[in-house]
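See structure below.
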Amino acid sequence: QVQLVESGGGLVQPGGSLRLSCTASRTIFSRSAMGWYRQAPGKQRELVATITTSSSTNYADSVKGRFTISRDNAKNMVYLQMNSLKPEDTAVYYCNADGLRYNYWGQGTQVTVSS
């Protein structure tokens, strides 16, 4: 069974920073574009950022310049560095592994931005 395990969520004040981490099995990680998505209460899940196996990145307009996605292929880890956080960034953040014939999700980690 494929497992994506996220960590790093929590409560942070506006303007603060958090780093989310996600690990996957080597077999899945090496073949997958990895991504972070988020879902706020009452809203649909939306793309935050993605990174391909060759480390090309894509960001939602709402997070460009504030968030950075990266991957460490040696550790099978993908990260989301979130800076200048805003209350509207509050959501459950999900890690995603997207391959040719599969699409897997983590269990989600809560990020709350509040004073």
Seminar exercise, completed: Ratio for region 1-113, C-alpha Rg to 2.2 N^0.38 Å, reads 0.99
Exercise. For Gln81 and Arg31 in one chain, what is 0.36 nm times their gap in residues minus the Cα-Cα distance, to one decimal in nm?
Worked result: 15.8 nm
Exercise. Ordered by packing density, taken as the mean number of other Cβ atoms within 10 Å over each peptide's residues, highest first, how do 33-42, 52-61 rank?
Worked result: 33-42, 52-61
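Given Cα pairs under 8 Å that are at least 6 residues apart, what percent is the relative contact order of the chain?
36
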Problem set entry | Rounded accessible area of Glu6 (nearest 10 Å², 1.4 Å probe) | 10
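Return the calculated 222 nm mean residue ellipticity for the chain, to the nearest 500 deg cm²/dmol, obtained by summing -39500 (n - 2.57) across DSSP H runs with n ≥ 4 and dividing by the residue count. Don't skip to the answer; put the middle values down first.
On the way: 1 runs with 6 residues, N = 115.
That comes out to -1000 deg cm²/dmol.
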Exercise. Using a 1.4 angstrom probe with every protein chain in place, what is the largest-first accessible-area order of Leu47, Leu20, Leu100?
Worked result: Leu100, Leu47, Leu20
Exercise. Where is the GNM fluctuation largest for the chain (alpha-carbon springs, 10 angstrom cutoff): Asp98, Asp89, Asp72?
Worked result: Asp72
For this session: Counting only heavy atoms of the protein chains, get the accessible area per residue of region 33-115 (1.4 Å probe) and round it to a whole Å² value.
Result: 53
Problem set entry | Within a Gaussian network of the chain (alpha carbon springs, distance under 10 Å), most fluctuating of Gln81, Gln13, Gln44 | Gln44
Seminar exercise, completed: Using alpha carbon positions and the Kirkwood radius, the Rg to Rh ratio of region 7-50 is 1.04
Problem set entry | Percent accessible area from carbon and sulfur atoms, region 1-89, protein chains only, probe 1.4 Å | 45
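The values are calculated or read from the model by the stated rules, or taken from the named source; none is laboratory data. In this text, all values refer to a predicted model and were calculated from it rather than measured experimentally. Cβ coordinates were reconstructed from backbone atoms using ideal geometry, including for glycine residues, and neighbour counts include every protein chain displayed. Calculation scope for accessible area: heavy atoms of the full protein, side chains included, ligands and nucleic acids excluded. Shrake-Rupley method; radii C 1.70, N 1.55, O 1.52, S 1.80 Å.
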